[in-house]
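The values are calculated or read from the model by the stated rules, or taken from the named source; none is laboratory data. The shown structure was predicted, so the numbers you read here are calculated from the model rather than taken from an experiment. Counting neighbours? That spans all protein chains shown, and the Cβs are built from the backbone with ideal geometry, glycine included.
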Amino acid sequence: MSRSDKHILVVSAIRPRHMEELAAKYELHRWDQATDKDAFLANVADRIAALVSTAGVGVPTELIGKLPNLRVITSFGVGYDAIDIAACTARGIRVSNTPDVLNDDVADTAIMLLLATLRRLVVGDHWARSGQWSEKGAMPLTTTARGKKLGIVGLGRIGQAIAARAEPIGMEIGYFGRSKKPVDYHYEADLIGLANWADVLMISCPGGAATQGIINADVLKALGPRGFVINIARGSVIDEPALIAALRDGVIAGAGLDVFHNEPHMDRAFAEFENVVLYPHNASGTVETRDAMAQMVVDNLAQWFADGTLVSPVN
Ligand code: 8YV
C-alpha cells in the first residue's frame, strides 16, 4: 500500500510533532478542522480506513456509521468510554488505546490532589499570597494523611500505582472492585461498605455505563463528614449534583477533582468551595507522558497498516 492508499480521519489531533509524523506517512483528513463537517465527509468518507481521536473527544457513534470502510480507531488516552466499543466490534472495527505509559503521572496527580485537599494547599497558598499570614498569623490547622484509610474504587493499573504511593505515606489501603485481587489490601465487596471503612475515597475505575453515577448520595453519606473524595477517573462516575450538595451541606469534608461532568464547562458551583481542590483534567498532562501516549498512537497505526494487528488493542 502506498501513502496515497492510507487515509486517516483526524477527529481530534495528538501532539504536533506526532501529527507531522503521521502527515508524512499517511493521507490525513482533518475532520477536526472542517467547518462544514458533512460536506467534508461526503468527499472522503469512502476512503477512510483509520481514525485518530483522543479520549476526551472520543468518536461520535453516528460518525462511525458514516464511514463504510473504517477498520481501525486509534485513541489517545487509556479510557475509551467516549467510543462505542460494542458498535465497533459488531462492525469488525478494531480500537486501540494508550495504557500504562500514563500510570505514573496519573497516580502522582491522585496523590497530589489527596495531599493538597487534606493539607489545604490552595487555601495555604492564598493565605501566604494575600498577606493573611502577616496580618492574621498561621493558617488554620489541617488534617494528616498518615494513618488514614484510603478506599480505592477500581484497583486496576492506575489504582495499584496510587496504592503503591499511598503506602509509604502511611495510609492503610482498601479497595472495591468486581473481584478480589491477590493483594494484601482490605477488600470490600460493596461500595457503601468501602465508603463506611474509608477516610478518603479514591476513584480510579473506568468510566462508562457500568460505573455511571456509582458514587451517589448514599455512598457520600457513608463516607461521612470527615471523609474526602478524590477523582482522577471520569466525572461520570460521580453523581455530581449529589457531590455538590454533599460539599455544600458538610456531608463530606472535601474533594480533590481532576474530572467533571460536561468538560471543559465545569459546574461553577465547585469554584465556590474552599474545601475543594480543582485540576482541569490534566492528570496525564506532562510533556513526557503526552509524548509517550502520542507515540503509542503512531505505533498502533504503523503496526495496523503493516500487519493488521495492534500494539494495545481494546477489542
Ligand atoms: C487524556 C484521559 O489524556 O487517558 C485518558 O483516558 O482521560 C487523559 O489521559 C485526555 O483525555 C486526552 O484526551
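Of the residues in segment 270-285, none is under 28 Å from LEU70 (Cβ atoms), touching a residue at least 40 places away in the same chain (Cβ under 8 Å) and touching a Cys at 6+ places or on another chain (Cβ under 8 Å). All conditions in (1) closer than 26 Å to ALA306 by Cβ; (2) out of contact with any Cys (no Cβ under 8 Å at 6 or more places or on another chain); (3) within 16 Å of the ligand (Cβ to nearest atom) hold for VAL95, with the sole exception of (2). The residue that is nearest to the chain's Cα centre (by Cα), counting only those in segment 257-315 that are of a type in the set (Asp, Glu) and outside any helix (DSSP H, G or I), is ASP258.
No other residue among LYS66, LYS25, LYS37 is touching an Asp or Glu at 6+ places or on another chain (Cβ under 9 Å) and away from the ligand (no atom under 16 Å from the Cβ) apart from LYS66.
Just so you know, in segment 221-235 the residues that are in contact with a helix residue (DSSP H, G or I) (Cβ under 6 Å, 6 or more places away or on another chain) and within 16 Å of the ligand (Cβ to nearest atom) include one that is nearest to ASP258 (Cα to Cα), and it is ILE232. Scanning segment 110-124 for any residue that is within 12 Å of the ligand (Cβ to nearest atom), of a type in the set (Gly, Ala, Ser) and either touching a residue at least 24 places away in the same chain (Cβ under 8 Å) or not assigned by TED's automatic domain parsing to the domain that holds ALA166 (or both) turns up nothing. Exactly one residue out of VAL237, VAL297, VAL314 is farther than 23 Å from MET171 by Cα, in contact (Cβ under 8 Å) with a residue 60 or more places away in the chain and touching a Cys at 6+ places or on another chain (Cβ under 8 Å), and it is VAL237. Determine whether THR74 is in contact with a Gly (Cβ under 8 Å, 6 or more places away or on another chain), farther than 30 Å from ARG146 by Cα, within 16 Å of the ligand (Cβ to nearest atom) and of a type in the set (S, T, N, Q). Answer is no for this residue. Taking each residue of segment 174-191 that is closer than 16 Å to MET202 by Cα and looking for partners that are in a strand (DSSP E or B) and small (Gly, Ala, Ser) with beta-carbon atoms closer than 8 Å, six or more apart or interchain, yields GLY174/GLY151; TYR175/GLY151; PHE176/GLY151; TYR185/GLY174; HIS186/GLY174; TYR187/GLY174; GLU188/GLY151; GLU188/GLY174.
With the requirement that a residue be out of contact with any helix residue (DSSP H, G or I) (no Cβ under 8 Å at 6 or more places or on another chain) and either under 20 Å from VAL78 (Cα atoms) or not assigned by TED's automatic domain parsing to the domain that holds LEU113 (or both), what does segment 155-176 give you? Of everything in segment 155-176, those that are out of contact with any helix residue (DSSP H, G or I) (no Cβ under 8 Å at 6 or more places or on another chain) and either under 20 Å from VAL78 (Cα atoms) or not assigned by TED's automatic domain parsing to the domain that holds LEU113 (or both) turn out to be GLY156, GLY159, GLN160, ALA163. If you check SER53 against the conditions, is it touching a residue at least 24 places away in the same chain (Cβ under 8 Å), within 16 Å of the ligand (Cβ to nearest atom) and out of contact with any Pro (no Cβ under 7 Å at 6 or more places or on another chain)? Against the criterion (touching a residue at least 24 places away in the same chain (Cβ under 8 Å), within 16 Å of the ligand (Cβ to nearest atom) and out of contact with any Pro (no Cβ under 7 Å at 6 or more places or on another chain)), SER53 qualifies.
Mind listing whichever residues of segment 67-92 are more than 22 Å from THR211 (Cβ to Cβ) and either of a type in the set (D, E, K, R) or surrounded by 21 or more Cβ atoms within 10 Å (Cβ to Cβ) (or both)? Within segment 67-92, LEU67, LEU70, ARG71, VAL72, THR74, ARG91 meet the criteria. Elements of the type helices (runs of 4 or more DSSP H) sitting completely within segment 1-77 and holding at least 3 residues that are more than 25 Å from ARG290 (Cβ to Cβ) and among the hydrophobic types (A, V, I, L, M, F, W, C): these cover 37-44.
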